[in-house]
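To start, the structure itself, in structure tokens.
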Amino acid sequence: MREPDLVARAQQGDPDAFAELYRQHHRAIFGFVYKRVGRNRALAEDITGEVFLRALSWLRTGTFSWRGAGFGGWLCVIARNKIADYFKSAQRREFPVYDMRDHDAAVDSPEEAVLDHMEHDLVRQALARLLPPQRQVLELRYLQDHSVAEAALAIERNTGALKTLQYRAVQSLRAVYEEGPA
């Protein structure tokens, strides 16, 4: 079923339609939140749950309206606002552990694991040296697989501006990556 039809059914109170929207978008929204809360899994799960509760509430009250970017982009905006709310609220004294990784992935060899880790570190270091809007557009488009329209909605730009930002971000990332570690 098409996404607009699912949204319309969810707005009418169909729990199966909302469940399908949840299944389609949960992983991407969780990833979006997870990366922005210091890779704190429990916090990311809590905020992701709040995002979907807010979306359900707004769907039922008729607050959602199509603006060309899709339901996923709208969820990203809600997620970004929930994350901002979290960090703006009472001073947080939590110190997340950034490099906790799931160790259940199969690895062919120790050498391959080391090389993969080094490559990921180089990319992460290069991304960290970009301007925040450039880093954000690359994360949305390439790490989270959002469409141009969804990413544009998430960072509150039109699609033309997003494409320009994405092009410049890729060029900057290439230059920073080729320079090597700072």
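Any read-out appearing in this document is the output of simple, stated calculations on the displayed coordinates, not a laboratory observation. Quick caveat: nothing in here was measured; it's all calculated off a predicted structure.
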If the chain between Val123 and Asp46 were fully extended at 0.36 nm per residue, the gain over the current Cα-Cα distance would be 24.9 nm
Values of log10 I(q)/I(0), in the order q = 0.10, 0.15, 0.25 Å⁻¹, for the stretch 1-94 under a Debye, Cα-only, solvent-free model: -0.27, -0.57, -1.31
Euclidean distance between Cα centres, the stretch 128-166 to the stretch 27-43, Å: 17
